[in-house]
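Engineer: I am attaching a structure below and will ask some questions about it afterwards.
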Amino acid sequence: GKTIIMVTHEKSLVPRFTRHFEISDGMLVSENGIQPQGLEPA
């Protein structure tokens, strides 16, 4: 298999991927659309 890491600001591309992360101000805000426990969105 192959792993591709892509960084983009284009949220319309999210449905194309099986796994995605959202980072804001250097902090993980969500993984696959799920907010980590104990964190609030920036």
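Only the coordinates and a few stated rules stand behind these numbers; no lab work does. In this text the structure is predicted, and so the values were computed from the model without any measurement. Cβ atoms come from the backbone with ideal geometry, glycine included; neighbour counts cover every protein chain shown.
Engineer: Amide H to amide H, which residues 5 or more places from SER30 or on other chains are under 5 Å from it, using H placed in the peptide plane?
Structural biologist: Those lying under 5 Å, H to H, from SER30 are GLU22.
Engineer: Quick one: VAL7, VAL29, VAL14, fewest Cβ neighbours within 10 Å first, how do they rank?
Structural biologist: VAL7, VAL14, VAL29
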